[in-house]
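Heads up: the structure comes next, in structure tokens.
The values are calculated or read from the model by the stated rules, or taken from the named source; none is laboratory data. All of these numbers come straight from a predicted model, not from anything done at the bench. Every residue, glycine as well, gets a Cβ built from its backbone with ideal geometry; the counts of neighbours run over all protein chains shown.
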Amino acid sequence: MAARRGKRANRVRGEDGASVRRELDTKLGEVLQSRGNANTVFDILEYLESENDGHVLAAIRTCSKLFESLLEKRELYIGDLPAEADGSSGSLSAEEKYKVWMRHRYNSCVACLVEHLHATSSQVQELALCTLMKFVQVEGKFPLESAIWKDSYRFPHRLLKRIVHGLLQEEKDSTLLLSRFQEYLEYDDVRYYTMTVINERIAQVNRGTKEALPPIFLNNVFGLLSAINMPVEGELSNFLLGQKEKEDDWKPAKLKEQKKAFERVWMGFLKHKLSVSLYKKVLLILHESILPHMSNATMMIDFLTAAYDVGGAISLLALNGLFILIHQHNLEYPDFYKKLYSLLDPSVFHVKYRARFFHLADLFLSSTHLPVYLVAAFAKRLSRLSLTAPPQVLMMMIPFICNLIRRHPACLPLIHRPSAERDLTSDPFVMEEQDPAKSRALESSLWELEVNLLTSSLVCQN
């Protein structure tokens with residue numbers, strides 16, 4: 001059995017699909033029928049490198065049948081695989097030499113399938129992925145590694161690692177393929193080991209460079225992470241590799257360990273510099289898909305603080321995350337309302353997220369236990385901004401201010417101060433002050449709202 005090399009791509013270009021499938025079926029039968037036909041495996045593998053997608057698809061299906069059968073029959077070498085050059089040494093029996101040789105062919109097949117995860121054809125990509133995951137399942141039942149102890153559970157971690165590394169490409173978007181991989185993440189064991197491998201892949205790409213990680217790579221990592229649906233409670237029992245018994249400390253079967261892995265992989269990802277669009281994607285799923293599954297959600301504070309500094313819509317979404325940590329995880333964050341107050345500037349009128357801004361700001365200011373000076377400062381600052389706000393924004397802003405006053409009756413002097421000792425000839429409110437406690441809003445009034453009403457009345461008359 002020679003370690004034959006070469007490509008069949010040009011030779012098969014002109015062959016029709018039906019004849020190729022027949023040829024592959026014939027060769028598959030020959031290999032499975034007799035070890036004497038082992039070299040025929042090369043002919044099958046060479047079709048994997050064809051330039052014709054139809055031929056590649058047929059070859060993948062044939063390889064799936066071939067190596068699944070060989071794994072089940074224990075025809076591949078088990079244990080630390082000797083180098084192919086050492087496979088002909090006299091220390092191995094004839095059967096061992098055959099199994100070593102065939103195990104190398106299996107490895108060649110896996111390598112080629114991983115390459116096809118980058119193929120231009122989505123059909124080739126998807127079939128390569130499904131075949132690799134089938135190998136994961138079969139390797140789990142018929143392991144290629146020696147058991148540490150009898151009946152011990154073994155997950156083909158190395159194979160899954162190669163698959164995940166193939167999915168998390170640095171220069172090519174893997175969104176469509178990741179959506180196909182998502183169904184495998186419903187298995188508790190696949191989910192757990194995938195999370196551990198993602199961290200390894202991030203470290204590998206980051207190794208030896210101080211530059212930011214490639215944007216496409218980070219998008220692929222996010223796509224994979226966001227596809228993870230974490231279990232909420234109960235015993236975990238949905239495994240790709242079914243076993244009658246598991247050792248007591250088997251981590252994938254424990255929700256606590258799954259949460260630890262989930263927390264590690266997200267924190268490992270979020271410590272890197274993200275694009276604005278990626279910040280937004282993370283923040284939009286934070287409250288439903290990330291925070292509820294973290295053992296210590298307050299670890300997110302550094303990420304949220306960094307996200308706030310990005311500005312614009314990202315700052316608002318970051319404050320939403322901080323608000324959740326404050327109210328659901330007892331986070332102490334005294335500067336929260338200062339940061340929200342600083343977002344009140346004319347730019348809030350002209351961005352597409354203004355509806356979200358008013359919705360979240362209303363949520364943040366809904367508590368009746370907020371200090372009067374704080375609520376007054378928000379009402380007054382918005383009132384001042386209303387003087388230059390476009391009409392469509394006024395329709396949102398004025399009801400918002402009225403709701404603030406209604407929820408906090410102590411702010412009524414802003415609109416009606418019957419015991420005023422003197423008429424105001426100047427407004428004491430300090431618009432430029434970033435600390436609401438020093439804005440002197442309670443000494444002022446919401447005269448800007450009356451100006452808006454008068455202006456609107458004049459416009460209607462004209």
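Can Lys260 be described as part of a helix (DSSP H, G or I) and basic (Lys, Arg)?
So Lys260 passes the test.
Among residues belonging to segment 182-193 that are out of contact with any helix residue (DSSP H, G or I) (no Cβ under 6 Å at 6 or more places or on another chain) and in a helix (DSSP H, G or I), point out the one that is nearest to Ser275 (Cα to Cα).
Gln182
Please go through (1) in a helix (DSSP H, G or I); (2) of a type outside the set (Lys, Arg); (3) under 30 Å from Tyr193 (Cα atoms) for Glu46 and return the number of the only condition it doesn't satisfy.
(3)
Determine which single condition Trp101 fails, assuming it passes every other condition in (1) under 23 Å from Lys161 (Cβ atoms); (2) crowded, with 20+ Cβ neighbours inside 10 Å; (3) not hydroxyl-bearing (Ser, Thr, Tyr).
(1)
Can Val375 be described as buried (at least 17 other Cβ atoms within 10 Å of the Cβ), touching a helix residue (DSSP H, G or I) at 6+ places or on another chain (Cβ under 6 Å), at pLDDT 95 or above and assigned to a helix (DSSP H, G or I)? So that I can check it myself, show each step before the final result.
Details: buried (at least 17 other Cβ atoms within 10 Å of the Cβ): yes; touching a helix residue (DSSP H, G or I) at 6+ places or on another chain (Cβ under 6 Å): yes; at pLDDT 95 or above: yes; assigned to a helix (DSSP H, G or I): yes.
Yes, satisfied.
Give just the number: which of (1) farther than 30 Å from Glu96 by Cα; (2) touching a residue at least 12 places away in the same chain (Cβ under 8 Å); (3) not in a helix (DSSP H, G or I); (4) not charged (D, E, K, R) does Leu178 not satisfy?
If we test Leu178 against (1) farther than 30 Å from Glu96 by Cα; (2) touching a residue at least 12 places away in the same chain (Cβ under 8 Å); (3) not in a helix (DSSP H, G or I); (4) not charged (D, E, K, R), just (3) comes out false.
Please verify whether Val393 is assigned by TED's automatic domain parsing to the domain that holds Ala355, over 38 Å from the mean Cα position of the chain (by Cα) and of a type in the set (Val, Ile, Thr), treating the condition exactly as stated.
It is false that Val393 is assigned by TED's automatic domain parsing to the domain that holds Ala355, over 38 Å from the mean Cα position of the chain (by Cα) and of a type in the set (Val, Ile, Thr).
Out of (1) over 22 Å from the mean Cα position of the chain (by Cα); (2) without any contact (Cβ under 8 Å) to a residue 60 or more places away in the chain; (3) within 21 Å of Met133 (Cβ to Cβ), what's the single condition that is false for Leu225?
(1)
What are the residues in segment 68-90 that are assigned to a helix (DSSP H, G or I), among the aliphatic types (A, V, I, L, M) and modelled with pLDDT under 90, if any?
The one that is assigned to a helix (DSSP H, G or I), among the aliphatic types (A, V, I, L, M) and modelled with pLDDT under 90: Ala85.
Hey, any hits in segment 314-322 for a residue that's surrounded by 16 or more Cβ atoms within 10 Å (Cβ to Cβ) and either farther than 30 Å from Met395 by Cα or more than 23 Å from the chain's Cα centre (by Cα) (or both)?
no
Given the structure, is Leu370 in a helix (DSSP H, G or I) and closer than 30 Å to Ile398 by Cα?
For Leu370, the condition - in a helix (DSSP H, G or I) and closer than 30 Å to Ile398 by Cα - is not met.
Every residue in segment 170-183 that is crowded, with 20+ Cβ neighbours inside 10 Å and either out of contact with any Leu (no Cβ under 8 Å at 6 or more places or on another chain) or under 22 Å from Lys259 (Cα atoms) (or both), please.
Leu178, Phe181
Right, Gly223: at pLDDT 95 or above, assigned by TED's automatic domain parsing to the domain that holds Lys259, more than 23 Å from Ser289 (Cβ to Cβ) and surrounded by 20 or more Cβ atoms within 10 Å (Cβ to Cβ) or not?
no
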